[in-house]
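Derivation of every value follows stated rules applied to the coordinates shown; laboratory data play no part. Since the structure is predicted, the reported quantities are computational estimates derived from the model, not experimental observations. All Cβ positions, even for glycine, are placed from backbone atoms using ideal geometry, and neighbour counts span all protein chains on display.
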Amino acid sequence: MWVLFDLDGTLTQSEEGIWNCAKYAAEKMGFPQPDAATLRKFIGPPLEYSFRTYMGMTDEQAAEAVRFYRERYTTVGMYENRVYPGVRVMLRTLWKAGAKLGIVTGKPAYPTGKILEYFGLDRFLTTVVCATDGHAEKEHLIREALPENPGEVWMVGDRCFDMEGGVKAGVHTLGAVYGYGSEEELRESGAERVAKTPREIIGILCPEAAPERGAFLTVEGPDGSGKGTQIERLAEALDRFGYEVMHSREPGGTPIGEKIREILLDRENAGMADETEALLYAASRAQHVREKIRPAVAEGKVVLCDRFLDSSVAYQGGGRELGIDEVLAINAPAVDGTMPDLTVYLDIDHRTAMARRCAASEPDRLEMEAESFHARVENGYHELIARDPARFVVVNADRPREEISAEIARKVLDRLMEMEK
Ligand code: TYD
């Protein structure tokens with residue numbers, strides 16, 4: 001089976017870049033700034049057509065506007081873009097099921113190639129056919145993309161141009177109603193089927209295929225290492241690349257786990273035995289693994305978890321001095337083999353981290369521990385990293401936030417894309 005995709009509005013949500021570039025071209029041409037309704041129409045049709053039809057330019061003016069548009073688009077605009085959530089798992093699942101995937105787009109080859117490479121979507125594609133001067137019609141692009149006797153072929157797109165082109169080229173048509181065209185537009189222009197999400201495309205084209213496995217990521221570090229902020233930013237970066245992110249945290253993450261969390265962090269429970277503490281963290285984790293982490297990863301999601309087993313090893317094994325191997329043993333039935341694919345460690349001296357932490361708000365029961373406790377926690381983490389360096393992405397966390405988040409996003413995305421091969 002061949003599945004040909006339109007790019008803008010079908011795989012990528014590209015309005016930000018397109019709109020910024022259309023506004024830039026209007027300004028350079030001395031035309032009034034297009035309003036939101038006009039800008040919306042720019043996604044899909046050839047640019048010259050849009051400048052002429054929606055902004056009242058002459059042929060010559062439209063050609064010049066396109067030059068201005070491209071000047072900004074090929075440098076910044078094309079990266080002001082995001083992959084729709086679920087597109088990655090959809091492409092991977094179809095690809096693993098043996099479908100041949102391709103792109104047919106009215107965009108020129110240079111930005112198309114850059115965008116596909118930037119988002120790491122190129123690895124799934126057998127063919128990429130772009131507009132060349134004078135040929136932006138989908139029917140021709142579709143014919144060009146296919147070998148002789150291709151068998152079953154589907155054209156997936158979000159606008160009437162895609163559906164009409166598919167019908168003319170004699171292939172099946174699937175309308176992506178999450179894109180820029182309405183369901184009505186797509187049905188009227190010949191869509192045989194419509195999908196409300198990229199995931200629904202799997203169900204329509206390959207109903208027997210189970211979604212490809214997602215990933216399990218954890219973020220670790222001492223109290224005050226800035227985990228909260230960095231997790232939010234990483235989630236945003238993953239989302240932009242089309243991963244479906246599920247946030248979670250430990251202790252907690254499930255209703256039962258959140259109740260256990262209250263007991264653990266309650267400052268009144270000063271008499272808690274170290275072993276009780278370690279077992280409660282493990283109990284919360286056992287529930288979390290079964291109720292939340294495993295099902296989400298099996299569905300193709302990326303679970304992004306604030307702390308996991310490594311925290312127990314560092315805090316109870318190191319901080320409480322129960323011992324690394326003892327804590328791993330307590331946790332073996334809880335995790336039952338479910339380990340993170342990748343762990344980001346925010347590396348910061350425990351004193352610097354604690355000073356930051358105490359400046360932010362009231363410390364909880366564990367944070368109130370003596371400095372020597374936090375020193376042992378830090379050592380516990382370093383021991384873990386030394387035991388399993390391949391799993392960790394260690395990032396210096398004593399720097400400006402933006403630098404840290406840029407490094408984390410780059411390294412984590414590289415590793416995730418590597419796992420998709
Ligand atoms: P939390 O409010 O989540 O702190 P932070 O925002 O710093 O992560 O509280 C979690 C506390 O529990 C934190 O001090 C670390 C500790 N902890 C353990 O001691 N063992 C564990 O297994 C886990 C998951 C957390």
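Which whole-number percent of Cα pairs in region 149-268 have a distance greater than 24 Å? For region 149-268, the share of Cα pairs beyond 24 Å comes to 53 percent. One compactness figure for the chain is 1.18, namely its Cα radius of gyration divided by 2.2 N^0.38 Å.
By its C-alpha gyration tensor, with a ≥ b ≥ c as the square roots of the eigenvalues, how is region 64-167 shaped: rounded for a/c under 1.5, else prolate for a/b larger than b/c, else oblate? Judged from the Cα gyration tensor, region 64-167 comes out oblate (a/c at least 1.5, b/c at or above a/b).
Each residue in MET29, MET90, MET55 was given a count of other beta-carbon atoms within 10 angstrom of its own, and listing them fewest first yields MET29, MET55, MET90. Between CYS358 and TYR79, residue separation times 0.36 nm minus the direct Cα-Cα distance comes to 96.5 nm.
Mind ordering 3-12, 280-289 by average Cβ neighbours within 10 Å, highest first?
3-12, 280-289
Using a simple spin-label model with pseudo-atoms 7 Å out from Cα toward Cβ, MET368 and ALA406 lie 4.1 nm apart.
To the nearest 0.05, how large is the calculated FRET efficiency for ILE263 and GLU383 if R₀ is 22 Å and r is the Cβ-Cβ distance?
Values: r = 28 Å, r/R0 = 1.26.
It comes to 0.20.
Other residues whose C-beta falls under 10 angstrom from the C-beta of HIS247 contribute a net charge of -1, scoring Lys and Arg +1 and Asp and Glu -1.
Going from the residue with the fewest nearby Cβ atoms within 10 Å to the one with the most, ARG365, ARG249 rank ARG365, ARG249. Oblate is the label for region 171-222. Its Cα gyration tensor axes, ordered a ≥ b ≥ c, give a/c of at least 1.5 and b/c at or above a/b.
For the cross-link pairs LYS41/LYS411; LYS96/LYS259; LYS227/LYS421; LYS41/LYS168, the ones whose C-alpha atoms lie over 31 Å apart are LYS41/LYS411; LYS96/LYS259. For the pair MET29 and ILE204, label points projected 7 Å from Cα toward Cβ lie 3.4 nm apart.
So what's the back-of-envelope 222 nm ellipticity for the chain, counting only DSSP H runs of four-plus at -39500 (n - 2.57) apiece and dividing by all residues, rounded to 500?
Values: 19 runs with 205 residues, N = 421.
Mean residue ellipticity, 222 nm, calculated: -14500 deg cm²/dmol.
Counted by neighbouring Cβ atoms within 10 Å, the residues VAL313, VAL297 run from fewest to most as VAL297, VAL313. Available extension along the chain between ALA298 and LEU125 is 59.9 nm, counting 0.36 nm per residue and deducting the alpha carbon span.
Label region 222-316 by shape, choosing from rounded, prolate and oblate, from the square roots a ≥ b ≥ c of the eigenvalues of the Cα gyration tensor; if a/c is under 1.5 it is rounded, and otherwise prolate applies when a/b is larger than b/c, oblate when it is not. Spell out each step's value before the answer.
On the way: a/c = 2.59, a/b = 1.67, b/c = 1.55.
Prolate, since a/c reaches 1.5 and a/b exceeds b/c.
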